[in-house]
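Structure, as structure tokens:
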Amino acid sequence: MRLDIVVCVKTNPDLQMIRIKNREPVLEAIPFKAGDLEKNAVEAALQLRDAAGDGKVVVLVVAEGNRKVRETVKEVLAMGADEAVLVVDPALETTDQAGVAAALAAALQKIGSYDLVLFGEGSTDNYTGQVGPRVAEILGLPQVGYARKITAGGAGVLAERSMDESIETLEAPLPAVVTVVSEINEPRIPSLMNIMKAGKKPVEEWSLADMGLDTAAVAPVRSILSNLAEEQDRKHIMFEGGAAEQAEAFVNALIKEGVLGR
Amino acid sequence: MADILVYSEKQGAALELTFKAKELAGAMGMGVSAAVLGSGSDAAGKLGELGADRVYVTDDPALEGLAVDVTAEALAQVAREAGATVVLLASTRRGKELAPRLAQKLGAGCVSDVSSLTLEGSTLVATRYAFGGNTVAAETLDTEVKVFAVMPKTFEIGAPTPGAGQIVTPALALQPSAVKLVERRAKEGDAVNLEDAERIVGIGRGLNKREDVELGRELAAALGAELSCTKGLADFGWLGEDRIIGLSGAKTKPELYLSVGISGQIQHTVGISSSKLIAAVNTDKDAPIFQLADYGIVGDLYEVVPALIEKLKSV
Ligand SMILES: Cc1cc2nc3c(=O)[nH]c(=O)nc-3n(C[C@H](O)[C@H](O)[C@H](O)COP(=O)(O)OP(=O)(O)OC[C@H]3O[C@@H](n4cnc5c(N)ncnc54)[C@H](O)[C@@H]3O)c2cc1C
Ligand SMILES: Nc1ncnc2c1ncn2[C@@H]1O[C@H](COP(=O)(O)O)[C@@H](O)[C@H]1O
């Protein structure tokens, strides 16, 4: 069986590296990397491709410039994806989830033939969960969210997903859109050899115009009025010594705080 | 007159949103419509009592199982019939995958995981976490129709007032979903209310094995606290998803949050930042959790936690 899978991967600032200055996030000099859940999606795609025995995994990335995208693409190609398509256009600088979805959908149409399109349940930085369902609607594809197990076979895909109060098994005909949660797998760490090979894999780069989209299609429909860190004022008291001393000092502090011993 | 349309598959959330919609609609000169989709719901009367002027009720067979594509299509048709320009949904898992699909159908902008919704002048301003929880963004939508998926328990539910909304049977044209529900089983797991807990112990991947969750449980018992965990730990299957704190879990506000073997990545700490006191046990003195801690213990949890349990039992 042949399975062609497109994985939509976002490049994110490394959130752990973000500093907050005057309640504003400082993004300068922050490295970019592939989204966490998208790595789960790539891993799932690789496993599905290998189980099917034939087919390819194409990574699809939308961004305003290719500077920060390169590392991300290399990262997931090194995991074992076969090729990459980058949609790069300065008009995407100010876009939002609706615009990204429009660009992804246009790219999928240009790619033409695929069996599955995988997304993260949410992106690492925005975590809106909007992009996957919007793409599914634009392309009129069936959609399965929050998959924690996927198997493909016959004409369809079988996915187990975890909802608020239930576990569901859904069956969707192909092609289908599936979003994954982190429990689905542990993404592989690329070997040195695969990292070297990644540089030779085919990477295409398209502008919006290449896909027949004009910039109005990605104009943002939401405005961000402010984006500020919540203020935190913490005591930062560290207890030294052995475990027994630390425990004693901590419990005494809790008594003094009035948390204990009331 | 335009309407605010409210829907959630969860009755409690639908009632909460309806009450809020009534307040907003009053200020905006709008009406309130609510939708009840699928069979077996008795929500219509209650929605009316909480402020819905019209309740659109349908048990169209295509809605069996509430497949997201059909639910979105049904709501789009109801929204058009009701002349809705604002749609309020709950940001449950089902609601969060529904909202963007519906928004796309309506040519609408959408904000999900909304943590507050206020009217400023004549504009609705929604807040949500951004940058993984590093910041809170205030967002507005520029489209004519606007979809907001609001975190459950964001608003108070007021007292019902007698008086029923008008029950409307919408004229729907729906196709069954191509996605088949093969099986649905209830999640096992004990119900836990972390949102309202006064003391919480959180455990993370610093634990070496599943059995050691017991250590966390003992510590929680000694402290009179609820036990919670990181997503990292829940992904191992060691504790249920309903015990996750953070961006994709509970947002808590206890008097004391004690974290054990948790690194303190932003997606977790966003759920504890409203704690009055934060304490942490971690072997790594540079773990980010200490930047957020009032009290820090650098040490091995396998030594510190037993010592803590013993000390707590003596007070
Ligand atoms: C979109 C998205 C949403 C997410 N939502 C959430 C969420 O809601 N909640 C959440 O928790 N996470 C969430 N995450 C995951 C989050 O980014 C982290 O991966 C996760 O919180 C890490 O869990 P942890 O601290 O248990 O594990 P780790 O990061 O592995 O940390 C383990 C810690 O234990 C310490 N340790 C090791 N041994 C010991 C010992 N013997 N004694 C004491 N300390 C020890 C280590 O020093 C380390 O700091 C999300 C991620 C994404 C991408
Ligand atoms: N710029 C992008 N390029 C490619 N895929 C994206 C992009 N933005 C979001 N996605 C995909 O959509 C998912 C959900 O993103 P979001 O709606 O931002 O939470 C991500 O996990 C990715 O799979």
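The values are calculated or read from the model by the stated rules, or taken from the named source; none is laboratory data. This one's a predicted model, so the numbers in the text were calculated from it and none came from an experiment. In this analysis, Cβ positions are derived from the backbone assuming ideal geometry, glycine residues included, and neighbour counts consider all displayed protein chains. Protein only, heavy atoms only, side chains kept; ligands, DNA and RNA dropped before computing areas. Shrake-Rupley method; radii C 1.70, N 1.55, O 1.52, S 1.80 Å.
Convex hull volume of the C-alpha atoms in region B:253-300, normalised per residue: 55 Å³. Between the helical axis of A:97-111 and the longest alpha-carbon principal axis of chain A there is an angle of about 30 degrees. Entry note: region B:1-73 has Rg to Rh equal to 0.98, where both radii use alpha-carbon atoms and Rh is the Kirkwood radius. For trypsin sites (Lys or Arg not before Pro), the sites in region A:64-149 that DSSP calls loop and that have at most 11 other Cβ atoms within 10 Å are A:Arg67. Excluding same-chain residues fewer than 8 positions from A:Lys197, which aspartates and glutamates have a Cα within less than 17 Å of its Cα? Cα-Cα hits under 17 Å: A:Glu71, A:Glu75, A:Asp82, A:Glu83. For chain A, a Kirkwood radius taken over Cα pairs fed into Stokes-Einstein (20 °C, viscosity 1.002 mPa s) yields D = 105 µm²/s. Looking at the calculated P(r) for the protein assembly as shown, what percent of the C-alpha pair distances fall above 39 Å? Beyond 39 Å sits 30 percent of the P(r) for the protein assembly as shown. Exposed loop positions in chain A were taken to be GluC sites (Glu not before Pro) whose DSSP state is not H, G, I, E or B and which have at most 10 other beta-carbon atoms within 10 angstrom. Between these positions, the longest stretch is A:29-230.
A viscosity of 1.002 mPa s and a temperature of 20 °C, combined with the Kirkwood radius over C-alpha pairs in the Stokes-Einstein formula, give region B:68-109 a diffusion coefficient of 211 µm²/s. Distance from the Cα centre of region B:212-228 to that of region B:263-300, in angstrom? First find each Cα centre; the distance between them is then 17 Å.
Between the beta carbons of B:Phe236 and B:Thr283, assuming R0 = 22 Å, the FRET efficiency works out to 0.70 to the nearest 0.05. Projecting the alpha carbon convex hull of region B:58-149 along each direction and taking the average yields 6.4 nm². Relative to the longest principal axis of the Cα atoms of chain A, helix A:36-52 runs at roughly 40 degrees. Rounded to two decimals, the Cα-based Rg/Rh of chain B, with Kirkwood Rh, is 1.04. Over all pairs of different C-alpha atoms in region B:101-169, the reciprocal of the mean inverse distance, the Kirkwood hydrodynamic radius, equals 14.2 Å.
Spread over its residues, the convex hull of the C-alpha atoms of region A:173-262 is 393 Å³ per residue. Among B:Tyr129, B:Tyr7, the sequence by solvent-accessible area, most first, with a 1.4 Å probe is B:Tyr129, B:Tyr7.
Regarding region A:1-62, what's the average projected area of the Cα-atom convex hull, expressed in nm²?
4.8 nm²
With respect to chain B, whose longest principal axis is taken over its alpha-carbon atoms, helix B:301-313 is tilted by about 90°. For region A:5-159, dividing the convex hull volume of the Cα atoms by the residue count gives 115 Å³ per residue. Among the GluC sites (Glu not before Pro) in region B:118-215, those located in a DSSP loop and surrounded by at most 15 other Cβ atoms within 10 Å of their own Cβ are B:Glu144, B:Glu156, B:Glu188, B:Glu195, B:Glu198. Ranking of A:Phe32, B:Phe131, A:Phe119 by solvent-accessible surface, largest first: A:Phe32, B:Phe131, A:Phe119 (1.4 Å probe, protein heavy atoms only, all chains present).
Equivalent-ellipsoid semi-axes for region B:232-313 (Cα gyration tensor, √(5λ), whole Å, largest first): 20, 15, 13. If r is the Cβ-Cβ distance from B:Arg184 to A:Glu230 and R0 is 25 Å, what FRET efficiency results, to the nearest 0.05? Efficiency, from the Cβ-Cβ distance: 0.10. A straight chain from A:Leu192 to A:Asn252 at 0.36 nm per residue would run longer than the Cα-Cα distance by 16.5 nm.
When the trypsin sites (Lys or Arg not before Pro) in region B:233-315 are filtered for DSSP coil states and for at most 13 other beta-carbon atoms within 10 Å of their beta-carbon, the remaining sites are B:Lys276, B:Lys285. Counting Lys +1, Arg +1, Asp -1, Glu -1, what net charge surrounds B:Thr169 among other residues with beta carbon under 12 Å of its beta carbon? Counting the neighbours of B:Thr169, the net charge comes to -2.
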